[in-house]
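Below: the structure, in structure tokens.
Each reported figure results from applying straightforward, stated rules to the coordinates on display, with no laboratory input. Just so you know, these numbers come straight off a predicted model, no measurement behind them. Because the Cβ atoms are built from the backbone with ideal geometry, glycine has one as well, and the counts that use them run over all protein chains shown.
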Amino acid sequence: MSRRTIRPARSLSGGLTVPGDKSISHRVAILASLAEGTSEILNYSPAADCASTLACLCRLGIETDSKDGSERGSAAVRVRGSGLDGWTKPSRTLDAGNSGTTMRLLAGPLAAQKFASKLTGDASLRRRPMRRVIAPLELMGALIRAQDGGFAPLEITGTSLRPLEYELPVASAQVKSAVLLAGLFAPGTTAVIEPVRTRDHTEIALAEFGAAVRRRGSRVEVDGRQKLEARQVVVPGDLSSAVFFLAAASILPGSKLMLLGLGLNPTRTSVLDFLAQMGANIRFVQIDQRSGELVGDLEVAAPVSPLRGGKVAGADVARLIDELPVLTALGPYTERGIEIRDAQELRVKESDRVAVLAENLRRMGARVEEYPDGLRVAGRTETEGSRLHGAEVDPQGDHRMAMALAVAALGADGETVIRGAECAAVSYPAFFEDLESVLQR
């Protein structure tokens, strides 16, 4: 278990390109495997999660190779698709590692195969609920056996699926995507109705690979048995990874940082709106479109006054779910603090993120109230301007916890030691190196 020491910093400056977007990388790799011909995915995420998706596809008989990739950088990945019916029976269990996205998205197409398969993951993933994706797939005719009624490993016996109109009980882009991917194999039209619009990378990627996909208000439809065609796809930079740098630059006076080539899909940019409401100084430099996704450069500078703070609740939780850890870590640096409610989902992520954030921020001197559905971190006006202090913190193997705690540590008095910091590689292998490259001390 590695330990990473974070020392206080004066500011952030320079330019940075973060790795390719995780969510998009998963989806385009899966669709490329179901397409006919060889697709090239440029700027594929180097995250361990996305490597798990490629490894599972390889066990399903799909040939992949990468070039120009490294531990620190995104790769160009070629995927030789073999059509909707081209996956072959795996000789071994499919291992999704720590990736819930891999498991939930693959469950859709696996349910329609002519063979049985088994999906598992690491200890953390086996504790995460899968019933939410099993339920709609079973309504389509899927045969899925889970442990204790809703946990991995998942034993999936492929069968003929029927189309479905499914109203999501809880907003989830992963469940929506699993149903739409399964719908590719069912005759007729499959529709998903969302209570809140979630990230639409699957719909965009389906269209890029030649599928007819339709959105009518909160309803998304896809027709079954469509032929997908190989494509070259450029994956934009991961905004959820960039947010750690946006947050750090917003609490360190004198910061000025340029973040290049970021994905700016409107279903993902709620975090920019929230930071702006708090008083963050973020400017769009340019915006373009690549492979159906909006892409652009952002400049962030330290605001003149400390961030105001704010509250995330209700429908905003689904829109900000990946960014909630780092927003919470900003709480002690804001005037009025940060409050997160209606976020029970945080307790069943890679860790119980509510409990892990509360415990570690308290170790650093923050005042934290914990609730069943969230937490509140006091701001400067409530703590008489007292600063955080360095401490030894434990992210409990959760990549976003490790990176959020690193941001909190940059403005603390003294050194902070992050135990098990290597877990950041699940989504951002070079996070600490990239952070160090833009820090000024």
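For the stretch 277-332, what class follows from the C-alpha gyration tensor (a ≥ b ≥ c being the square roots of its eigenvalues): rounded when a/c is under 1.5, otherwise prolate if a/b is larger than b/c, else oblate? Can you show the working numbers first?
Details: a/c = 2.80, a/b = 1.30, b/c = 2.16.
Note, shape of the stretch 277-332 comes out oblate.
What shape does the stretch 287-377 have by the C-alpha gyration tensor, where a ≥ b ≥ c are the square roots of the eigenvalues, rounded means a/c under 1.5, and otherwise prolate means a/b greater than b/c and oblate the rest? Before the final figure, lay out each step's value.
On the way: a/c = 2.23, a/b = 1.36, b/c = 1.64.
Verdict is oblate for the stretch 287-377.
Taking the beta-carbon count within 10 Å as an exposure proxy, list Y166, Y44 from fewest neighbours to most.
The most exposed by this proxy come first: Y166, Y44.
Per-residue ellipticity at 222 nm for the chain, helices alone: DSSP H runs ≥ 4 residues times -39500 (n - 2.57), over residue total, nearest 500 deg cm²/dmol?
-8500 deg cm²/dmol
Sequence gap at least 6, Cα distance under 8 Å: using those rules, report the relative contact order of the chain to the nearest whole percent.
Once normalised by length, the contact order is 19 percent.
Pairs to check: K22/K67; K22/K349; K67/K176; K256/K349; K176/K349. Give those whose C-alpha atoms are more than 26 Å from each other in this structure.
Long pairs (Cα-Cα over 26 Å): K67/K176; K256/K349.
Quick check: residue separation of S91 and L260 times 0.36 nm, minus the Cα distance between them. What number comes out in nm? The partial results should precede the final answer.
Details: separation 169, 0.36 × 169 = 60.84 nm, distance 4.18 nm.
Full-extension gain reported as 56.7 nm.
Can you tell me how much longer the chain between M1 and T269 gets when fully stretched, taken as 0.36 nm per residue apart minus their C-alpha distance, in nm with one decimal?
Working it through step by step, the gained length comes to 93.1 nm.
For K89, which lysines qualify as cross-link partners when the Cα separation must be under 24 Å and same-chain residues fewer than eight apart are set aside?
Candidates past the 8-residue exclusion: K114, K118, K227.
Extension gain R219-T157, at 0.36 nm per residue separation less the Cα-Cα distance, in nm?
Answer, rounded to one decimal: 19.4 nm.
When the Kirkwood hydrodynamic radius is evaluated over all pairs of different C-alpha atoms of the stretch 22-234, what value in angstrom, to one decimal, is obtained?
For the stretch 22-234, inverting the mean 1/r across all distinct Cα pairs yields 16.8 Å.
Compute, for the stretch 22-234, the length of the dipole vector about the Cα centre, with Cβ point charges of +1 (Lys, Arg) and -1 (Asp, Glu) only. Units Debye, rounded to 20. List each step's numbers first, then the result.
Working: 29 positive and 22 negative charges, 66 e Å.
Roughly 320 debye for the stretch 22-234.
Against the longest alpha carbon principal axis of the chain, how many degrees, from 0 to 90 and to the nearest 10, is the axis of helix 22-34 turned?
Between helix and principal axis, roughly 10 degrees.
Within a 10 angstrom radius of the beta carbon, how do L54, L439 rank from fewest other beta carbons to most?
L439, L54
Fewest to most neighbouring Cβ within 10 Å: what's the order for H389, H26, H201?
Taking fewest neighbouring Cβ atoms as first place, the list is H389, H201, H26.
Can you give me the angle between helix 48-59 and the longest principal axis of the chain, using Cα atoms only, in degrees from 0 to 90, rounded to the nearest 10?
In the chain, helix 48-59 runs at an angle near 10 degrees to the longest axis.
In nanometres, what is the gap between the two model label sites at E433 and V196, each 7 Å from Cα along Cα-to-Cβ?
3.6
At R0 = 41 Å, how high is the FRET efficiency between R362 and R290 if r is their beta carbon distance? Nearest 0.05 is fine.
Efficiency, rounded to the nearest 0.05: 0.45.
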